[in-house]
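Structure first, then comments.
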Amino acid sequence: MSNIWTEIGANWPNMVLAWTALTLVAIAPGPTAMAIMGISMQRGRGAGFLFTAGCMTGAFTWATLAGIGLSAWLTAWAAGIFLLKLAGAVYLGWMALKAFRSALSSNVLDLPTSESQRKGGLSLYTRGLLLHLTNPKAILGWAAVITLSQSGGGSIAVLVVTLAGCLIITNIIHFSYAAIFATRSAMAAYRRARRWIEGVLGGVFAFASYKLATS
């Protein structure tokens with residue numbers, strides 16, 4: 001046990017560097033954060049949490065694969081990363097299309113009922129999961145975290161603690177987004193500016209899809 005704490009103590013600066021990098025990436029308003037904000041404002045805290053749970057399950061999946069080395073193998077396999085980029089571009093394009101259709105619609109959405117939230121729970125969770133699993137940047141991000149944490153030759157214990165810390169950080173940040181943007185004031189603002197918000201979301205998803213398809 002003392003050896004484990006000695007390893008962690010020796011690699012502490014690298015672990016903090018990895019956590020800092022992950023925090024900055026998670027805070028940045030990318031497609032995942034924007035989707036969480038939009039769904040939370042549109043459908044409330046419960047829906048936002050379900051969608052976020054799907055995203056965080058995807059994050060846990062990539063973190064686990066990165067920890068056992070499969071993400072490094074996938075990034076080295078050109079066909080694999082190409083197919084993942086293609087899937088991500090298609091899925092983001094589909095989300096962009098949905099957002100643009102909502103922006104063009106004149107229908108004012110009703111606030112969600114508990115029954116509608118319950119029926120759509122699995123769909124929201126699945127959408128969040130697919131959004132993260134089809135994001136090649138997630139693979140590269142977790143691979144970078146591992147590289148930073150292991151730059152000093154850390155042990156498995158250092159790797160596990162680093163990944164656990166990263167998962168805690170990303171969960172706190174994204175669930176906070178869901179909670180903040182599901183407040184009554186945020187939902188009221190969404191209803192007033194629904195078309196503009198959906199148009200911006202559509203633009204973000206479309207741009208991200210284009211970047212994935214052409215990178």
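Read the figures in this text as sums done on the coordinates, not as results from a lab. Owing to the predicted nature of the structure, the values given are computational and were not obtained by experimental measurement. Methodologically, a virtual Cβ is constructed for each residue, glycine included, from the backbone with ideal geometry; neighbour enumeration extends over all protein chains shown.
A simple packing score, the average count of other Cβ atoms within 10 Å per residue, orders the peptides 133-143, 163-173 as 133-143, 163-173, with the highest score first. A simple spin-label model places the labels of residue 61 and residue 184 3.8 nm from each other, with each point 7 Å out along Cα-to-Cβ. Computed packing ranks the peptides 14-24, 201-211, 30-40 as 30-40, 201-211, 14-24, most packed first, by mean other Cβ atoms within 10 Å.
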